[in-house]
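Right, one structure below, let's go through it.
The values are calculated or read from the model by the stated rules, or taken from the named source; none is laboratory data. Remember, predicted model here, so these are calculated numbers, not experimental data. When we count neighbours, we look across all protein chains shown, and the Cβ atoms used for this are built from the backbone with ideal geometry, even at glycine. What goes into the accessible areas is simple: the full protein's heavy atoms, side chains included, and nothing from ligands, DNA or RNA. Shrake-Rupley method; radii C 1.70, N 1.55, O 1.52, S 1.80 Å.
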Amino acid sequence: MGQMEVDEVMCLPRLPRVAVCGGTHGNELSGVYLVREMLKVEKKVVEEEEEPVLVMIVLSNPRATQQCHRYVDTDLNRCFTHATLNGPMSDTDPYEIVRSQELNTLLGPKGSRQAVDLVCDLHNTTANMGMCLITYSDCDWICLHIFRHLQKEIPDIPMRFIHFDVSNKESYSLDSVGKHGFAMEIGPQPHGVVRSNIYTAMKDGVQHMLDWVRLFNSGTMFKGGFVDVFTMVKHIDYPRDSVTHNITAAIHPHLQDRDFCLLHPEDPLFQTFSGETLRYKGKEPLYPFFINECAYYEKGIALSLARKRRVMVPSIRVETEQEQQANDHEYSSEEEN
Amino acid sequence: MSRRNRKRRATGRRKKQEVAGRPAVNRNIQRLLQASECQAGLQRDKAMESVSFPPQSSIAICGGTHGNEMTGVYLVREMQKHKVDKIGSVSISTVLSNPRAVDVCRRYTETDLNRCFTDALLSSPITDSTPYEVRRAQELNAQLGPKGSEKAVDMLIDLHNTTANMGLCLIFYTADYLPLQIFKYIQNKMSSVPVRAMQLDIPLSDAYSLDSLGKHSFSIEVGPQPNGVLRADIFNIVKEAVDHTIAWLQEFNSGSTFEAGEVEAFTVVKSVDYPRDPVTGEISAAIHPQLQDNDFKLLKPGDPIFLSFTGETVKHEGEELYPLFVNECAYYEKKIAFHLAQKRTFKLPSIHMKKD
């Protein structure tokens with residue numbers, strides 16, 4: 001960002017194409033049912049607006065959704081690395097690898113100018129995380145402003161911004177296919193269950209996100225400010241039996257449901273089945289999240305830990321046509337060079 | 001008269017087994033109590049009006065009947081790791097009911113094991129196309145039953161979890177005094193969690209679940225817990241309930257008399273499905289926020305029960321009843337959004353062990 005003045009406004013390209021994706025994990029039902037409802041309505045282009053947004057509504061993993069399982073062969077939301085997307089296809093490829101390449105054709109290609117401008121990928125978690133936007137960047141001003149907008153419009157739901165510090169080369173999830181993208185993760189909700197309050201929260205979140213995009217595209221200036229960003233530092237696995245690999249303890253009752261409550265060294269972490277307390281041995285107090293997420297048992301994650309820091313988000317507005325043409329010309333020149 | 005003939009006379013003709021969660025017809029409580037007396041083979045001691053039962057010396061504790069209901073899986077594994085097979089006067093078999101489903105952390109692999117214990121399925125011939133769970137049910141029947149026979153374990157406790165906010169709930173088939181006294185005992189001992197009883201008004205011959213193998217049986221159902229997740233607080237509740245049950249059995253076997261009393265239990269009378277799209281069959285509404293997590297709170301006509309995805313409220317019509325299993329994950333495919341039950345008071349005589 002460089003030496004930005006507080007009142008300086010950044011100009012960013014329009015966002016003409018937005019994708020809303022649900023059922024990336026087939027048993028995370030808020031997104032499944034929201035996408036189904038949105039497909040019924042089929043308002044892809046709002047004609048009466050000056051700046052229409054093309055909203056693509058996608059059921060990411062239809063087979064897993066049909067079975068109400070997270071995935072069929074492999075986790076779809078780990079199949080969007082450049083390596084996997086550009087790898088050779090074969091008849092024996094897992095279903096989700098084939099599907100990720102289809103989605104990359106539909107919404108990408110990842111990293112190219114043809115990619116959709118924004119991907120909003122809908123997820124649920126069994127952890128008590130409220131609403132979280134999860135991205136790979138802590139300086140994607142579009143995502144950060146959407147977050148600020150949601151915080152303002154939906155004040156009764158705890159809302160946090162999570163950042164995974166993973167390079168574009170290594171990014172692996174569906175939201176990395178668009179020019180901008182984030183996962184909208186809402187919990188707690190058991191997999192395979194629809195809770196009305198969680199569904200409503202997601203519906204409102206998507207609606208406000210689309211409203212923000214329309215406002216942005218029509219020239220609204222969004223004032224900057226501070227956002228608390230949680231950057232993932234590490235994961236902690238359950239204690240496991242060395243032979244069977246079965247877990248030998250559960251998340252401690254004092255930690256269960258306390259996502260984003262600061263965890264200090266020596267705080268209880270796990271409770272063994274015989275009642276013994278195992279404590280956090282890290283040196284640094286960190287913020288836990290994804291505490292007791294069902295799908296992470298097999299990934300060896302009992303909880304994740306994050307540092308919190310305040311990020312200064314600049315004011316932004318959409319580029320004017322002249323600014324856009326100037327930037328396009330500059331981009332083409334760079335490409336030629 | 002053999003036990004089996006006494007049972008048939010008490011409970012009448014066998015009915016065709018229906019899908020789980022099926023509605024039950026209201027029955028006369030007195031007739032039910034008489035039926036359960038016959039089934040249990042009791043002798044009424046007229047002088048003290050206390051009812052005696054044989055010693056309860058062999059029990060089975062079963063977990064993982066549904067492979068993704070984690071409390072039972074881990075409690076049974078823990079007991080097996082510590083080679084728990086006898087506590088005082090009580091021999092304990094610990095059983096991981098559906099190992100294949102546990103391995104893949106799914107409710108079942110081919111069919112719901114906990115619907116495979118009808119007399120018909122237990123005696124059906126095994127072929128190559130027989131589902132795994134039907135075979136497994138017959139294995140369990142050989143190990144812990146046979147159902148209805150003298151050889152069956154005295155008591156079978158089957159451990160389950162639900163995504164519904166049901167606290168600790170004991171589930172019985174009939175108004176069997178032994179489990180009801182255990183229920184009263186656990187209710188008095190445990191104050192950190194609501195403890196309730198649910199009754200399925202089905203004669204034992206039509207019973208379809210694992211616990212029907214034992215002479216006196218019940219399920220312990222605890223929630224809310226997501227499938228595939230292990231919560232420490234839920235684990236501690238179930239462990240405590242099992243510990244109290246074993247303590248009760250020890251006291252019973254040592255000759256204690258358990259006082260007469262009354263307990264309230266909820267008898268399921270019907271089930272309500274989600275509103276569904278007539279073409280796709282998909283649900284078109286979720287449990288209304290005012291009903292969600294309010295299991296066992298009286299539902300009155302006009303109370304909201306569903307909120308559609310387009311924002312319309314569906315209201316309860318019909319009599320005042322108590323909802324249970326509200327938004328249980330596994331029941332979506334069984335077309336059950338929640339059960340509705342009547343609250344009944346069961347009078348319990350005092351009970352004690354029959355001395356030879």
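What dipole magnitude, in Debye to the nearest 20, does region A:231-310 give about its Cα centre under +1 on Lys/Arg Cβ and -1 on Asp/Glu Cβ?
With Lys and Arg at +1 and Asp and Glu at -1, about 500 debye.
Using R₀ = 35 Å, calculate the FRET efficiency as 1/(1 + (r/R₀)^6) where r is the Cβ-Cβ separation of A:V98 and A:M312; round to 0.05. It would help to have the intermediate numbers written out before the result.
On the way: r = 43 Å, r/R0 = 1.22.
The formula returns an efficiency of 0.25 here.
If you bin the C-alpha pair distances of region B:264-356 every 5 Å from 0, what whole percents do you get?
Whole-percent P(r) values from 0 Å outward: 3, 13, 21, 22, 15, 8, 5, 4, 4, 3, 2, 1, 0, 0.
Shape verdict for the protein assembly as shown, please, from the Cα gyration tensor: rounded (a/c under 1.5), prolate (a/b greater than b/c) or oblate. Show your work: numbers first, answer last.
Numbers: a/c = 2.36, a/b = 2.12, b/c = 1.11.
Prolate, because a/c is 1.5 or more and a/b exceeds b/c.
Going by alpha carbons, how many degrees (0 to 90, nearest 10) lie between the helix axis of A:321-336 and the longest principal axis of chain A?
With both axes taken from Cα atoms, the answer is about 70 degrees.
Given +1 on the Cβ of Lys and Arg, -1 on the Cβ of Asp and Glu, and no further charges, what dipole in debye does the protein assembly as shown carry about its Cα centre, rounded to the nearest 20? Can you show the working numbers first?
Numbers: 78 positive and 90 negative charges, 802 e Å.
Result for the protein assembly as shown is approximately 3860 debye, rounded to the nearest 20.
Bins of 10 Å, beginning at zero and ending with the bin holding the largest distance: percent of Cα pairs per bin for region A:231-310, please.
Bin by bin from 0 Å, the calculated values are 19, 55, 23, 3, 0.
Please work out the Kirkwood hydrodynamic radius for chain B, using every pair of different C-alpha atoms, and report it in angstroms with one decimal place.
20.9
Just to be sure I understand: if you take the accessible area of chain B alone plus chain A alone and subtract the pair, with a 1.4 Å probe, what total do you get in Å², rounded to 100?
In total, chains B and A hide about 2600 Å² from solvent.
Read phi for every residue in region A:283-300 and hand back ³J(HN,Hα) as whole Hz from Karplus 6.51 cos²θ - 1.76 cosθ + 1.60, θ = phi - 60°, with x for Gly and Pro.
So the J values, rounded to whole Hz, are 8, 10, x, 9, 9, x, 8, 6, 6, 6, 7, 3, 6, 8, 4, 6, 8, x.
Scan region B:51-120 for trypsin sites (Lys or Arg not before Pro) in coil per DSSP, keeping those whose Cβ has at most 13 other Cβ atoms within 10 Å, and list them by number.
B:K83
Taking springs between alpha-carbon atoms closer than 10 angstrom, which of B:P289, B:P323, B:P224 fluctuates most in the Gaussian network model of chain B?
It is B:P289.
Specify the angular offset, from 0 to 90 degrees and rounded to the nearest 10, of the alpha carbon long axis of helix A:141-153 from the longest principal axis of the alpha carbons in chain A.
Helix A:141-153 and the main axis of chain A meet at about 70 degrees.
Shape verdict for chain A, please, from the Cα gyration tensor: rounded (a/c under 1.5), prolate (a/b greater than b/c) or oblate.
Numbers: a/c = 1.72, a/b = 1.41, b/c = 1.22.
Note, shape of chain A comes out prolate.
Set the Förster distance to 30 Å, then compute FRET efficiency between A:H264 and A:S242 from the Cβ-Cβ distance, nearest 0.05.
On the way: r = 29 Å, r/R0 = 0.96.
The computed FRET efficiency comes out at 0.55.
Pull out the extension gain between A:E321 and A:T231, defined as 0.36 nm times the separation in residues minus the alpha carbon to alpha carbon distance; nm, one decimal. Before the final figure, lay out each step's value.
Numbers: separation 90, 0.36 × 90 = 32.40 nm, distance 3.53 nm.
Separation in residues times 0.36 nm, less the Cα-Cα distance, equals 28.9 nm.
Pick out, from B:I305, B:P349, A:W141, the residue whose Cα sits farthest towards the positive end of the charge dipole of the protein assembly as shown, with +1 on the Cβ of Lys and Arg and -1 on the Cβ of Asp and Glu.
Toward the positive end, the furthest listed residue is B:P349.
Per residue, how big is the convex hull around the C-alpha atoms of region B:300-346? Give it to me in cubic angstrom, could you? Don't skip to the answer; put the middle values down first.
Numbers: hull volume 4.2 nm³, N = 47.
About 89 Å³ per residue, rounded to a whole number.
Checking the cross-link filter: which aspartates and glutamates have an alpha carbon closer than 12 Å to that of B:K300, excluding same-chain neighbours under 8 positions apart?
Output for B:K300: B:E317, B:E319, B:E320.
Would you grab the residues whose amide H sits under 5 Å from the one on A:M56? Only those 5+ places off in sequence or on another chain, please, with H modelled 1.01 Å from N.
Hits under the 5 Å cutoff: A:V18, A:A19, A:V20.
Once you've got the GNM for chain B with C-alpha springs shorter than 10 Å, pick whichever of B:P146, B:P125, B:P54 has the biggest mean-square fluctuation.
B:P125
Please compute the modelled spin-label separation between B:K151 and A:N168, points set 7 Å along Cα→Cβ, answer in nm with one decimal.
7.1
Working from Cα positions, state the angle (0 to 90°, nearest 10) between the long axis of helix B:177-189 and the longest principal axis of chain B.
So the inclination is approximately 70 degrees.
Given the options A:K281, A:K110, A:K203, which has the most mean-square fluctuation in a GNM of chain A, springs set between C-alpha atoms less than 10 angstrom apart?
A:K281
Pairs of Cα atoms under 8 Å, at least six residues apart: use those to get the relative contact order of chain A, whole percent. Don't skip to the answer; put the middle values down first.
Numbers: 708 pairs, mean separation 68.3, N = 337.
Contact order relative to length: 20 percent.
In debye, nearest 20, what is the charge dipole magnitude of region A:267-337 about its Cα centre with +1 on Lys and Arg Cβ and -1 on Asp and Glu Cβ, if you could check?
The calculated dipole for region A:267-337 is roughly 1060 debye.
Over chain B, what is the relative contact order in whole percent, taking alpha-carbon pairs under 8 Å and six or more residues apart? Don't skip to the end; give the middle numbers.
Details: 766 pairs, mean separation 71.6, N = 356.
Rounded, it is 20 percent for chain B.
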